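Report on the following structure.
The values are calculated or read from the model by the stated rules, or taken from the named source; none is laboratory data. Keep in mind that what you see is a predicted model, and the values were worked out from it rather than measured. Cβ sites come from the backbone with ideal geometry, for glycine too, and all protein chains shown count toward neighbours. The accessibility values were calculated without ligands, DNA or RNA, using every heavy atom of the protein model including side chains. Shrake-Rupley method; radii C 1.70, N 1.55, O 1.52, S 1.80 Å.
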Amino acid sequence: MLPTTYKDDADRFNTMKVRPDDVWVIAVPRSGSTWTQELVWLLKNDLDYDKASKSILEDRYIFIGLRQLTNTELRAILTERRPSVMEAFENAPSPRFIKSHFPLSLMPENLVDIAKVVYVARDPRDVAVSSYHFMKLMKNDIGNFKLFWNLFIQDLLLYTPFFAHLKEAWALRHHPNMLFIFYEELSKDLPSCVKRMATFLGKEVTDEQVVKLCEHLNIDNFRKNESVNQTWLTGRVGDPDAESFIRKGKSGGWREHFDEEMTEQAQQWMRENLSDCDLRFPDVDY
Ligand code: A3P
């Protein structure tokens, strides 16, 4: 599900010139992409916290799909900051950091054979809850959560169908250029994920560096960190009464929003969609 503006750019997306030292972060929105972007960027930039703090993530990453955002205000502000994504993509010095919410099938065909790709996945129930709150933050009139959830599982929301998005990346999880990581893994054991990510990116980190990085990435610090918390953007367009962009950061928080009927419906929907593959979301202690 994409807006028609996708058609105008589709060919360009397919033929974008990928560089071997690119790092791409790909995820369905609200799956932990911002968190992962900061982690990836810091590891690749030898933990230069000073440089990171001086530049917002939007300036450090090129956002493929910006023109396809459906929230006009959000798109306008991001476009004001970066008028041409394609120009930025072509001219950015190496190594480039690129983020997208498009599934891999809409990316250049050979992407994973050339560049490193980090794919972040998250339990769809938490993704739906998180997306719902983000919609509210962006003042989209979307009705109640039950309605939103039903649109989500009927593949009527932006970037759906959800499982097709994940499965395309899951199929490539053993590719040496692909790191498939779950939000639930980041939540449960961030230090191990940092080490895994460092190895993937060809970087060495000491135990002390891992501790410091995890502290930096801790949601309480992240929420206060203006280079990642998007206040520069939400301060202009966001509903001040809604929950912030960096919200609860909890795995399994969906339980507070699902009634019995939705819980059952979700289980069945997940069972059906996972019956043809071995993708499973990590267990979470609620
Ligand atoms: P919640 O709304 O469930 O809290 P994305 O960056 O892909 O849009 O994902 C946003 C989700 O990641 C939000 O989930 C947000 O709170 C969570 N998140 C962002 N930074 C985080 C962090 N440092 N630790 C844990 N969760 C984080």
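Quick notes
- In the range 35-92, the residues that are touching a Pro at 6+ places or on another chain (Cβ under 7 Å) and either closer than 23 Å to R19 by Cβ or not β-branched (V, I, T) (or both): K44, Q68
- 3 or more residues open to solvent by less than 10 Å² (accessible area, probe 1.4 Å) and not aromatic (F, W, Y): qualifying helices (runs of 4 or more DSSP H) within the range 28-70: 33-44
- Scanning the range 139-151 for residues that are in contact (Cβ under 8 Å) with a residue 24 or more places away in the chain and open to solvent by 10 Å² or more (accessible area, probe 1.4 Å) turns up K139, N140, F145, K146.
- Scan of the range 226-274 for residues that are basic (K, R) and farther than 28 Å from K167 by Cβ, ordered by number: R236
- On inspection, D239 does not qualify as within 23 Å of D283 (Cα to Cα), surrounded by fewer than 19 Cβ atoms within 10 Å (Cβ to Cβ) and over 17 Å from the mean Cα position of the chain (by Cα).
- Check on D22, touching a residue at least 40 places away in the same chain (Cβ under 8 Å) and either open to solvent by less than 20 Å² (accessible area, probe 1.4 Å) or within 12 Å of the ligand (Cβ to nearest atom) (or both): yes
- Condition met for E208 (closer than 30 Å to K54 by Cα, exposed (fewer than 13 other Cβ atoms within 10 Å of the Cβ) and more than 15 Å from the ligand (Cβ to nearest atom)): yes
- On the stretch given as the range 245-265, residues that are surrounded by 16 or more Cβ atoms within 10 Å (Cβ to Cβ), within 16 Å of the ligand (Cβ to nearest atom) and at negative phi total 9.
- Tally, over the range 215-230, of residues that are without any contact (Cβ under 8 Å) to a residue 60 or more places away in the chain, surrounded by 15 or more Cβ atoms within 10 Å (Cβ to Cβ) and more than 9 Å from the ligand (Cβ to nearest atom): 0
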